[in-house]
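Engineer: This is the structure, below, for whatever I ask next.
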Amino acid sequence: MAKAKAPATELEVGGRTVRISNPDRVYFPGPGHTKLDLAQYYLAVGDGVVNALRERPCMLHRYPEGIEGEKVHQKRLPHGAPPWVETVRVHFPRYDRDADELCVTELAQVIWAVQMSTIEFHPWNSRRADVERPDEWRIDLDPGEACDFATVRRVAAVAHEVLDELGATGFPKTTGGDGLHVYVRITPEHGFSDVRRAALAFAREVERRTPGDATTTWWRKDRDPAKVFVDFNQNARDHTIACAYSVRGTPEATVSAPLTWDEVPDCDPGDFTVATMPARYAERGDLHAGIDDAVFDLAPLLAWAERDEADGAEPPPD
């Protein structure tokens with residue numbers, strides 16, 4: 001006899017009522033986390049996740065049957081959205097098509113996306129006021145197959161050193177996987193191409209300072225798998241990565257967790273999960289809360305890019 005479905009649950013979120021159907025559907029079989037558990041997690045870190053997503057086009061990674069089922073990469077807003085769910089229209093030149101993507105301005109919109117089976121939130125690094133001019137520079141420290149996390153932490157320390165010399169404030173976080181991200185707020189004055197050039201110039205400087213640990217080699221087949229790829233390409237147009245506080249579709253329900261720089265040398269990405277993060281957030285608050293107050297001008301990095309290119313370095317590949 002089939003198990004009866006649990007009745008829908010209604011959550012009150014900032015004056016909105018969000019209905020969660022099938023609240024007992026298990027999304028993470030290992031720890032046993034359900035759809036309702038996921039919604040309650042995002043409620044627990046609400047201000048933080050909204051701060052990470054605010055007014056950005058956002059791609060949704062949906063898992064209608066949980067993490068062991070099909071993963072759906074959803075650019076267009078799913079059908080059936082209530083009128084208070086906001087969107088931003090973005091153009092995809094390769095296909096000459098437009099898409100209205102989720103554009104979060106309040107927590108109820110995040111919880112509605114969870115109702116639509118979203119586990120991961122992947123925003124653009126630009127906002128709807130001008131989607132073609134990023135206001136966020138993303139440093140992605142991506143370890144190779146034979147690279148341990150201690151190497152990632154060493155490269156992060158070098159990245160922090162270079163940021164300090166530039167006068168830029170970086171906000172680190174775990175990826176929820178094997179790497180680290182560092183976000184820097186920038187003035188929205190440049191297109192994606194220049195932000196990517198600046199990111200590559202920074203990555204080359206990190207590589208120069210730690211050649212045994214870091215690489216900017218573009219093609220995966222040519223990279224040393226024991227090194228960290230400083231992935232400048234995450235600043236390309238329409239490239240998205242999981243935001244701060246996003247849950248990841250991993251067996252352990254890991255979370256992309258903001259860190260302080262003091263925590264980076266000893267952090268373990270596996271410590272930050274749907275189960276552990278709410279208590280950490282309640283105690284520490286949003287460690288990225290000040291990111292909008294620490295804006296960096298890319299001019300020094302663009303000068304580095306011009307210097308490197310004048311010396312024969314290739315610009316970022318298409």
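The values are calculated or read from the model by the stated rules, or taken from the named source; none is laboratory data. This one's a predicted model, so the numbers in the text were calculated from it and none came from an experiment. Cβ: placed from backbone, ideal geometry, glycine included. Neighbour counts: every protein chain shown. Accessible surface is based on the protein model in full, side chains and every heavy atom, while ligands, DNA and RNA are left aside. Shrake-Rupley method; radii C 1.70, N 1.55, O 1.52, S 1.80 Å.
Engineer: Give me the accessible area of residue 35, 1.4 Å probe, in Å² rounded to the nearest 10.
Structural biologist: Residue 35 has an accessible surface of roughly 10 Å² with all protein chains in place.
Engineer: GNM on the chain, C-alpha springs below 10 Å: top fluctuator among 48, 290, 249?
Structural biologist: 290
Engineer: Another question, then. In deg cm²/dmol, rounded to 500, what helix-only [θ] at 222 nm does the chain give when every DSSP H run of at least 4 residues adds -39500 (n - 2.57) and the total is split over its residues?
Structural biologist: Only helices count here, giving -8000 deg cm²/dmol.
Engineer: Ignoring ligands, DNA and RNA, please state the percent of accessible area on the stretch 174-220 from carbon and sulfur, probe 1.4 Å.
Structural biologist: After summing per-atom areas, the C and S share lands at 50 percent.
Engineer: What is the log10 of I(q)/I(0) for the stretch 207-270, computed with the Debye formula using one identical point scatterer on each Cα and no solvent, at q = 0.23 Å⁻¹?
Structural biologist: -1.18
Engineer: Taking 1 over the mean of 1/r across every pair of different Cα atoms in the stretch 270-313, what Kirkwood radius in Å do you get?
Structural biologist: After inverting the mean inverse Cα-Cα distance, the result is 14.1 Å.
Engineer: From Cα pairs below 8 angstrom and at least 6 apart in sequence, can you work out the relative contact order of the stretch 222-291, rounded to a whole percent?
Structural biologist: Computed over the stretch 222-291, the figure is 22 percent.
Engineer: Something else now. Not counting ligands, DNA or RNA, and with a 1.4 Å probe, what is residue 154's accessible surface area in Å² rounded to the nearest 10?
Structural biologist: 120 Å²
Engineer: With a 1.4 Å probe and every protein chain left in place, work out the accessible area per residue of the stretch 221-318 in Å², rounded to a whole number. Could you put the intermediate results ahead of the total?
Structural biologist: On the way: 4460 Å² over 98 residues.
I get 46 Å² per residue for the stretch 221-318.
Engineer: While we're looking at this one, here's another question. Residue by residue through the stretch 134-139, which ³J(HN,Hα) values in whole Hz follow from phi under the Karplus form 6.51 cos²θ - 1.76 cosθ + 1.60 (θ = phi - 60°), with glycine and proline marked x?
Structural biologist: x, 10, 9, 9, 10, 9
Engineer: Related question: Nearest-5 percent of antiparallel DSSP beta bridges in the stretch 160-308?
Structural biologist: On the way: 7 of 11 bridges.
Here the antiparallel bridges make up roughly 65 percent for the stretch 160-308.
Engineer: Right, here's the next one. Using only the Cα atoms of the stretch 107-157, build the gyration tensor, take square roots of its eigenvalues as a ≥ b ≥ c, and label the shape rounded, prolate or oblate: rounded if a/c is under 1.5, else prolate if a/b is larger than b/c, else oblate.
Structural biologist: oblate
Engineer: Only Lys, Arg, Asp and Glu count, each charged at its Cβ (+1, +1, -1, -1), so figure out the dipole size of the stretch 208-318 about its Cα centre, rounded to 20 debye.
Structural biologist: Approximately 340 debye in magnitude.
Engineer: Sticking with this one: Once R0 is set to 25 Å, what does the formula 1/(1 + (r/R0)^6) return for the Cβ-Cβ distance between residue 47 and residue 84, expressed as a FRET efficiency to the nearest 0.05?
Structural biologist: Values: r = 18 Å, r/R0 = 0.73.
The pair residue 47/residue 84 has a calculated efficiency of 0.85.
Engineer: Still on this structure, please answer the following. How large is Rg/Rh for the stretch 81-204, to two decimals, with Cα atoms and a Kirkwood Rh?
Structural biologist: In the stretch 81-204, Rg relative to Rh is 1.02.
Engineer: Let me make sure I get this right: for the stretch 145-251, a, b and c are the square roots of the gyration tensor eigenvalues over alpha carbons, sorted descending. Under 1.5 in a/c it's rounded, otherwise prolate if a/b > b/c, else oblate. Which is it?
Structural biologist: Cα axes put the stretch 145-251 in the rounded bin.
Engineer: Could you give me the ³J(HN,Hα) list for the stretch 16-31, computed from phi with Karplus coefficients 6.51, -1.76, 1.60 and θ = phi - 60°, whole Hz, x at Gly and Pro?
Structural biologist: 9, 10, 10, 8, 10, 7, 6, x, 8, 5, 7, 8, 10, x, x, x
Engineer: By average Cβ neighbour count within 10 Å, what is the ranking of 109-119, 162-172 from highest down? Before the final figure, lay out the partial values.
Structural biologist: Numbers: 109-119: 24.2, 162-172: 17.5.
Taking the mean over residues of other Cβ atoms within 10 Å, the ranking is 109-119, 162-172.
Engineer: Once the whole set of protein chains is in place, how much accessible area is left on residue 36, using a 1.4 Å probe, in Å² to the nearest 10?
Structural biologist: 40 Å²
Engineer: In nm, what is the difference between 0.36 nm times the number of residues separating residue 5 and residue 218 and their Cα-Cα distance?
Structural biologist: 71.8 nm
Engineer: Right, here's the next one. Throw me the Rg/Rh for the chain, computed over C-alpha atoms with Kirkwood Rh, two decimals.
Structural biologist: Across the chain, the Cα-based Rg/Rh ratio is 0.97.
Engineer: Based on the alpha-carbon gyration tensor of the stretch 1-139 and its eigenvalue square roots a ≥ b ≥ c, which shape applies: rounded if a/c is under 1.5, prolate if not and a/b is larger than b/c, or oblate?
Structural biologist: Prolate.
Engineer: Each residue of the stretch 88-104 in turn: what ³J(HN,Hα) in whole Hz from Karplus with 6.51, -1.76, 1.60 and θ = phi - 60°, glycine and Pro shown as x?
Structural biologist: 9, 8, 10, 10, 10, x, 4, 10, 6, 10, 10, 9, 8, 9, 3, 9, 6
Engineer: List, in the order given, every pair from 75/173; 75/221; 5/75; 75/227; 35/227; 173/227 whose Cα-Cα distance in the structure shown is over 27 Å.
Structural biologist: 75/221; 5/75; 75/227; 35/227
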